[in-house]
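The values are calculated or read from the model by the stated rules, or taken from the named source; none is laboratory data. This one's a predicted model, so the numbers in the text were calculated from it and none came from an experiment. Cβ: placed from backbone, ideal geometry, glycine included. Neighbour counts: every protein chain shown. These accessible areas exclude ligands, DNA and RNA; they are computed on the full protein's heavy atoms, side chains included. Shrake-Rupley method; radii C 1.70, N 1.55, O 1.52, S 1.80 Å.
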Amino acid sequence: MPVRNTGTTLHCPSFRDWRPDTNLGAFFIAQSSIRHNMTEIYPVSFLRWVLMQTRRIAVVAMSLNGVRPSYFVGRYLAPKQFDVVPVNPVHAGKIVFTQTGAATLSDIDGDVDMVDFFRRSDHVPPIVEDAPSSLPNPRTVWMQIGVSNAGAADLVRSRGVDLIMNRRPEIEYQRLCGETRMVWFSTGVIASEL
């Protein structure tokens, strides 16, 4: 049985006394109409609400290479009381951040609140189509910076699941908690050759 955090709030000063505003419901209804070249605008209240409701995150295509963005997301969020489940056939069965890695979404034990994609935009639709049978109750689908797919977005929203595209959860967490710093942009590590 996987370890599961049971907290209901994020542990940063800006989230301590936050409650959803009354207009948040109207945002969910109008969310699909806020598109401009696949760059969506998300109100701070919506991002904060999503992060507060999330405890367990499945990171699709997570790498265990410490210089890869997918690894950094997990490494940052796990100590912030999120359960991060790596989903990658290469790392299936390995214990990472106290969670057992899974080969596919259907191999995950227990519920997942958020599915976080680190796949190319054209690889997202088949995974989204399969997700309801693999994970019956995800609250959010999150696509990383540079990942957006209109067809997958429409499918996710038609199932009543919240969607965030072209953003990274750890950057939003930092921004909302006042932890923003330049470490993200200049790590001093070269990850590939030109």
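Anything in the range 148-167 that is assigned to a loop (DSSP other than H, G, I, E, B) and buried (at least 22 other Cβ atoms within 10 Å of the Cβ)? List them, or say none.
Filtering the range 148-167 for residues assigned to a loop (DSSP other than H, G, I, E, B) gives 148-149, 159-161, 165-167.
Result: Met165, single match.
Consider Ala30 carefully, then state whether it is over 29 Å from Glu179 (Cβ atoms), open to solvent by less than 70 Å² (accessible area, probe 1.4 Å) and modelled with pLDDT under 90.
Values: over 29 Å from Glu179 (Cβ atoms): yes; open to solvent by less than 70 Å² (accessible area, probe 1.4 Å): yes; modelled with pLDDT under 90: yes.
In short, yes.
Please go through the range 168-183 and give me each residue that is part of a helix (DSSP H, G or I), out of contact with any Ser or Thr (no Cβ under 9 Å at 6 or more places or on another chain) and either open to solvent by less than 40 Å² (accessible area, probe 1.4 Å) or modelled with pLDDT of 85 or more (or both), ordered by number. Walk me through how you get there before you give the answer.
First, pick out the residues of the range 168-183 that are part of a helix (DSSP H, G or I): 169-177, 182-183.
Add one more test, that the residue is out of contact with any Ser or Thr (no Cβ under 9 Å at 6 or more places or on another chain), and what stays is 170, 172-173, 175, 182-183.
Glu170, Glu172, Tyr173, Arg175, listed by residue number.
Quick check on my filter: what residues within the range 41-70 are surrounded by 20 or more Cβ atoms within 10 Å (Cβ to Cβ) and out of contact with any helix residue (DSSP H, G or I) (no Cβ under 9 Å at 6 or more places or on another chain)?
Arg56, Ser70
Out of the range 43-62, which residues are in contact (Cβ under 8 Å) with a residue 40 or more places away in the chain and not hydrophobic (A, V, I, L, M, F, W, C)?
Within the range 43-62, Arg48, Gln53, Thr54, Arg55, Arg56 meet the criteria.
Would you mind stating whether Val141 is closer than 22 Å to Ile171 by Cα and either in contact (Cβ under 8 Å) with a residue 40 or more places away in the chain or open to solvent by 30 Å² or more (accessible area, probe 1.4 Å) (or both)? Don't jump to the end; show me each part of the working.
Values: closer than 22 Å to Ile171 by Cα: yes; either in contact (Cβ under 8 Å) with a residue 40 or more places away in the chain or open to solvent by 30 Å² or more (accessible area, probe 1.4 Å) (or both): no.
In short, no.
Please state which of the following conditions Ser106 fails to meet, knowing it meets all the rest: (1) surrounded by fewer than 22 Cβ atoms within 10 Å (Cβ to Cβ); (2) polar (S, T, N, Q); (3) under 13 Å from Val141 (Cα atoms).
The number of the failed condition is (3).
Results for (1) free of Cβ contacts under 8 Å to residues at least 40 places away in the same chain; (2) not β-branched (Val, Ile, Thr), shown as yes or no for each residue.
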{"position": "Pro89", "(1), (2)": "yes, yes"}
{"position": "Ile95", "(1), (2)": "yes, no"}
{"position": "Asp107", "(1), (2)": "yes, yes"}
{"position": "Arg120", "(1), (2)": "yes, yes"}
{"position": "Ile127", "(1), (2)": "no, no"}
{"position": "Asp130", "(1), (2)": "yes, yes"}
{"position": "Ala150", "(1), (2)": "no, yes"}
{"position": "Gly160", "(1), (2)": "yes, yes"}
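In the range 124-145, how many are at pLDDT 85 or above and either in a strand (DSSP E or B) or over 15 Å from the mean Cα position of the chain (by Cα) (or both)?
6
Condition first: farther than 21 Å from Arg159 by Cβ and not in a helix (DSSP H, G or I). Can you find one or more residues in the range 107-114 that meet it?
Yes - at least one qualifying residue is present in the range 107-114.
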